[in-house]
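The values are calculated or read from the model by the stated rules, or taken from the named source; none is laboratory data. Remember, predicted model here, so these are calculated numbers, not experimental data. Please note: Cβ atoms are built from the backbone with ideal geometry, for glycine as well, and neighbour counts cover all protein chains shown. For accessibility, only protein heavy atoms count, side chains too; no ligands or nucleic acids. Shrake-Rupley method; radii C 1.70, N 1.55, O 1.52, S 1.80 Å.
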Amino acid sequence: MGHLGIGVLASGRGSNFQSIIDAVERGYLRVTLRVLVTDNPEAFAIERAKNHGIEHLVMRPKEFASREEYFERIAAELKRRGVYLVVLAGFMRIVGKPLIDAFPGRIMNIHPALLPSFPGLHGQRQALDYGVKISGCTVHFVDEGMDTGPVIIQAAVPVSPDDTEETLSERILKLEHRIFPEAIRLYAEGRLRVEGKAVKIFGYELDKGHIVNPLLRH
């Protein structure tokens, strides 16, 4: 597929954006980062874009007549820059239909929980409140629901009894930084195919190990 044009949407510090930049710069990801779009003029993601020579656009919803117009404009700006795959790296808005229609099956998101469990905001806090023993993160394709699209890749971490939202979030984030570039790489290499709700991955080896928490004593 050559060098795939990527557009990144982010609202905050952009640590997942940085992990993608790093993967590109070390040659692991053969894609071109065309543009960062943010809804937050204070987002630290902007500094990351500047530091690596990536164009950035600040587009705030309040400057548009409607939510539909806002996402129509984002789609137009992305297409104008040759973006083929849209990556949501901490974009704190539900993507509008005009953007989904403009990039069907070509929008990825990362979520700090093992979907379909704990969609929406504060997935880590939801996991702790529910008392789960294993949590993690998910890269998925975006549809019109709230974190409901087909799952591409997941990673899991054990949850400790003394975890706080902050400690669990930090442990999950380290895995986010590993699986998001990997999902983009699989897509760029043409190794993903969506069949219904499932994403089939080609040339993929399954690690047959397992996580058990707490540990079994034999």
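What order do you get for 21-29, 147-155 when each peptide is scored by the mean count of other beta carbon atoms within 10 Å, highest first?
Values: 21-29: 15.2, 147-155: 19.1.
Put in order of decreasing packing, that is 147-155, 21-29.
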Next item on the list: Give me the Kirkwood hydrodynamic radius of the range 63-103, using the inverse of the mean 1/r over all pairs of distinct Cα atoms, in Å to one decimal.
Entry: 10.6
Check: Looking at the square roots a ≥ b ≥ c of the eigenvalues of the Cα gyration tensor of the range 1-106, which shape do they give, rounded for a/c under 1.5, prolate if a/b is larger than b/c, or oblate?
Finding: oblate
Checklist line | Label point distance in nm, residue 52-residue 79, each placed 7 Å from Cα along Cα→Cβ | finding: 2.7
Item checked: Helix-only CD estimate at 222 nm, as mean residue ellipticity for the chain, using -39500 (n - 2.57) per DSSP H run (n ≥ 4) -> -10000 deg cm²/dmol
Check: In square angstrom, what is the accessible area per residue of the range 113-195 with a 1.4 angstrom probe?
Finding: 48
Item checked: Under the Karplus curve 6.51 cos²θ - 1.76 cosθ + 1.60, θ = phi - 60°, whole-Hz ³J(HN,Hα) for the range 179-186, x wherever Gly or Pro sits -> 7, 5, x, 5, 4, 5, 4, 4
Item checked: Solvent-accessible ranking of 111, 122, 210, 177, largest area first, probe 1.4 Å -> 210, 122, 177, 111
Note to self: Using only the alpha-carbon atoms of the range 82-136 as identical scatterers, what base-10 log of I(q)/I(0) does the Debye formula give at q = 0.12, 0.21 Å⁻¹?
What the structure shows: -0.36, -0.81
Checklist line | Dimensionless Rg over Rh [the range 115-173; C-alpha; Kirkwood] | finding: 0.97
Next item on the list: Would you mind telling me the share, in percent, of accessible area of the chain contributed by carbon and sulfur at probe 1.4 angstrom?
Entry: 52
Check: By the gyration tensor of its Cα atoms, with a ≥ b ≥ c the square roots of the eigenvalues, what is the shape of the range 49-170: rounded for a/c under 1.5, prolate for a/b over b/c, or oblate?
Finding: prolate
Check: Mind checking which aspartates and glutamates have their C-alpha under 18 Å from residue 133, skipping anything on the same chain fewer than 8 residues away?
Finding: 162, 163, 165, 166, 170
Checklist line | Centroid-to-centroid separation of the range 51-76 and the range 86-146 [C-alpha atoms, Å] | finding: 20
